[in-house]
Structures are given as C-alpha cells and as structure tokens.
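Undergrad: Dropping the structure in here first, questions after.
The values are calculated or read from the model by the stated rules, or taken from the named source; none is laboratory data. Quick caveat, the model's predicted, so the values are computed rather than measured. Ideal geometry is used to build each Cβ from the backbone, glycine not excepted, and the neighbour counts take in all protein chains shown. In case anyone asks, the SASA skips ligands and DNA or RNA and just uses the protein heavy atoms, side chains included. Shrake-Rupley method; radii C 1.70, N 1.55, O 1.52, S 1.80 Å.
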Amino acid sequence: MKEVVLITGIGKRLGYALACDLLNKGFGVIGTYRSVYPALDKLRDRGADLYHVDFYQQENVNQFISQITLAYPSLRAIIHNASDWLPDASKGDNKEHSHAEIMHKMMNIHVAIPYQLNLAFQQQLEHCEPGPADIVHISDYVAEKGSKKHIAYAASKSAMNNLTLSFASLLAPKVKVNSLSPALLKFNEWDDEAYKKKALAKALLPIEAGFEEVIDAIHLILKSNYMTGRNLQLDGGRHIRS
C-alpha cells in the first residue's frame with residue numbers, strides 16, 4: 001500500500017512542485033486547493049486525490065476532515081503549505097480588509113488550520129507503519145525577523161513555529177513535527193527587475209533557492225528518525241547579512 005501524504009495549498013508554486021515530486025517517488029497524494037488552477041487536472045490525471053477547501057470557511061474545514069477521516073485509515077505525513085500574504089498597510093477608504101480582518105485571516109490560515117488538522121488526523125498519523133509519521137509546517141524566514149509591511153503575516157508564522165514545539169511534545173514518539181522557514185524561493189512572473197535586485201541583495205547567497213531546496217529538506221525530515229521540534233532555516237544567510 002502506498003504511503004499517503006496530505007499537502008495543503010497544492011494548486012501552484014511549491015505545493016504543486018512538491019506534489020509532483022512525491023507522485024514521482026511513489027507516494028499517494030492528498031491535496032487541498034482554494035482557487036482552481038489548470039495544473040490541478042494534471043495532478044488528478046496522475047492519481048492525486050484533490051479537495052476544494054476554503055480554509056476561511058469552517059464548514060468547509062469540517063467537511064474536509066470528515067471526508068479524509070472516512071477515506072484514509074493512515075497518513076505518512078501532513079505538509080502545511082497553504083498560506084496567504086496580506087499586507088497591513090492600507091490607504092484611504094478603499095482598503096479591502098480592516099486590520100482586525102487581516103490578523104484574523106493570517107492567524108486562521110497559518111495557525112488555526114494546522115492546529116485543527118493536526119489534532120483531527122492524530123489517529124491516522126499514529127497508525128502509519130512502520131512509522132514514525134511526520135508533520136511539516138512551512139513557515140517563513142520573517143517569523144524570527146518580523147516585517148514592517150506584513151506584521152500580521154510574520155506574527156502568524158511565528159505562532160506556527162510554536163505549534164511545532166507543542167505538537168512535537170504531544171505526538172512523540174509516533175509522529176515527528178518540524179518546521180521549514182525559507183526566504184526567497186522563486187520570483188513571480190510579474191516581479192520587476194528592481195524588485196528582484198533588491199530582494200537578492202538581502203542574502204549572502206544572492207540567488208533564487210528554487211522549490212527544490214524545500215522539497216529536499218522535506219525529504220530529509222521524512223527520512224530522519226531523530227529530529228523533531230526543530231525549525232530549519234533556508235534563508236541564504238539573510239540572518240547575518242549586514
């Protein structure tokens with residue numbers, strides 16, 4: 001029987017690249033998505049079990065938990081990749097979200113959802129054979145540095161890192177729980193050259209790390225029998241950049 005990995009936020013970028021990699025390596029993949037992307041059909045064609053879930057709607061969350069609980073007696077890993085990135089600064093009367101709404105959304109997607117899923121699927125993780133199973137929280141470099149423009153986002157990622165500590169203690173020894181905190185992985189197609197130059201200059205290693213950097217780190221965690229409650233920093237040396 002295939003080992004099954006649940007990935008939240010599977011429709012694009014890192015989530016999609018990770019899903020393809022795991023499918024290539026023979027894992028079964030469960031994925032969640034909020035927006036519809038053409039790439040999802042490619043994953044379905046390859047056997048991924050995909051669920052349209054809006055994590056901002058608790059009814060959707062409850063339904064998803066029920067579906068997975070009924071369909072899967074065990075899980076090899078949960079990769080919490082679903083994310084949102086709302087800036088705090090708003091100008092004039094046209095702001096889309098209030099500050100309270102921004103904080104609520106950031107804490108929901110990065111903290112409340114991993115919290116609920118980790119507890120809801122504890123039994124499936126503990127039934128993984130031969131074990132141990134894994135939970136991986138995809139955090140962010142700014143969780144330790146802070147951010148002037150994304151205060152709520154940075155705070156929620158820091159809280160996610162704290163979940164790693166608590167769940168590592170709760171679920172040991174049958175489940176290992178770790179975090180990954182990347183900085184720049186890949187630019188978006190709409191990023192201009194000025195932004196790219198500024199972003200690259202923040203690191204000692206001024207390159208795009210690529211999604212492979214995180215994927216390789218995830219496989220390191222999956223293969224390890226002795227690492228839990230840790231946060232791996234993949235930041236290109238930003239923490240010591242003067």
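Undergrad: To the nearest 20 debye, what is the magnitude of the charge dipole of the range 114-242 about its Cα centre, counting +1 on the Cβ of each Lys and Arg and -1 on the Cβ of each Asp and Glu? Mind dumping the intermediate values first?
TA: Values: 15 positive and 14 negative charges, 113 e Å.
My answer is approximately 540 debye.
Undergrad: Just how large is the dipole of the chain about the Cα centre, in debye to the nearest 20, putting +1 at every Lys and Arg Cβ and -1 at every Asp and Glu Cβ?
TA: Numbers: 27 positive and 26 negative charges, 107 e Å.
The calculated dipole for the chain is roughly 520 debye.
Undergrad: Restricting to the chain, compute how many DSSP beta bridges are antiparallel as a %, nearest 5. All intermediate terms of the calculation are to be shown ahead of the outcome.
TA: Values: 0 of 26 bridges.
DSSP beta bridges in the chain are roughly 0 percent antiparallel.
Undergrad: Continuing with the same structure: Determine the share of the chain's accessible area contributed by carbon and sulfur atoms, expressed in whole percent, with a 1.4 angstrom probe. Present the calculation step by step, with values, prior to reporting the outcome.
TA: Working: 6840 of 12970 Å².
Whole-percent figure for carbon plus sulfur exposure: 53.
Undergrad: Which values, in whole Å and largest first, are the semi-axes of the equivalent ellipsoid of the range 68-182 obtained as the square root of 5 times each eigenvalue of the Cα gyration tensor?
TA: Details: eigenvalues 198, 44, 17 Å².
After scaling each eigenvalue by five and taking roots: 31, 15, 9 Å.
Undergrad: In µm²/s, what is D for the chain at 25 °C and 0.890 mPa s, where D = kT/(6 pi eta Rh) by Stokes-Einstein and Rh is the Kirkwood radius from Cα pairs? All intermediate terms of the calculation are to be shown ahead of the outcome.
TA: Values: Rh = 18.6 Å.
D = 132 µm²/s.
Undergrad: With each run of n ≥ 4 DSSP H residues scored as -39500 (n - 2.57), what mean residue ellipticity at 222 nm is computed for the chain after dividing by its residue count and rounding to the nearest 500 deg cm²/dmol? Please list the in-between numbers first.
TA: On the way: 10 runs with 101 residues, N = 242.
One gets -12500 deg cm²/dmol as the mean residue ellipticity at 222 nm.
Undergrad: Rounded to the nearest 0.05, what FRET efficiency do Ala172 and Leu70 have when you use their Cβ-Cβ distance and R0 = 22 Å?
TA: Details: r = 27 Å, r/R0 = 1.23.
After rounding to 0.05, the efficiency reads 0.20.
Undergrad: Let me ask something else. Please work out whether the range 200-242 counts as rounded, prolate or oblate from its C-alpha gyration tensor, where a ≥ b ≥ c are the square roots of the eigenvalues and a/c under 1.5 means rounded, while otherwise a/b larger than b/c means prolate and anything else oblate?
TA: Working: a/c = 4.82, a/b = 1.85, b/c = 2.61.
Taking the square roots of the gyration eigenvalues as a ≥ b ≥ c, the range 200-242 is oblate.
Undergrad: For the pairs Lys145/Lys186; Lys145/Lys197; Lys12/Lys186; Lys145/Lys202, note any where the Cα-Cα span goes beyond 18 Å.
TA: On the way: Lys145/Lys186 20 Å; Lys145/Lys197 20 Å; Lys12/Lys186 12 Å; Lys145/Lys202 13 Å.
Result: Lys145/Lys186; Lys145/Lys197 exceed 18 Å.
Undergrad: Sticking with this structure for a sec: Test of understanding: what is the full-extension gain from Lys149 to Gln123, defined as 0.36 nm times their sequence separation minus their Cα-Cα distance?
TA: Taking 0.36 nm per residue and subtracting the Cα distance, the gain is 5.4 nm.
Undergrad: A further question on this structure: With the chain treated as a Gaussian network of Cα nodes joined by springs under 10 Å, which of Phe167, Phe55, Phe187 yields the largest mean-square fluctuation?
TA: Comparing Phe167, Phe55, Phe187 in a Gaussian network model of the chain, the most mobile one is Phe187.
Undergrad: With springs only between Cα atoms under 10 Å, which of His110, His99, His127 fluctuates most in a Gaussian network model of the chain?
TA: Greatest mean-square fluctuation among the candidates belongs to His99.
Undergrad: Before anything else, pin down the relative contact order of the chain: Cα pairs under 8 Å, at least 6 apart, normalised by residue count, whole percent.
TA: Working: 400 pairs, mean separation 41.5, N = 242.
After rounding, I find 17 percent.
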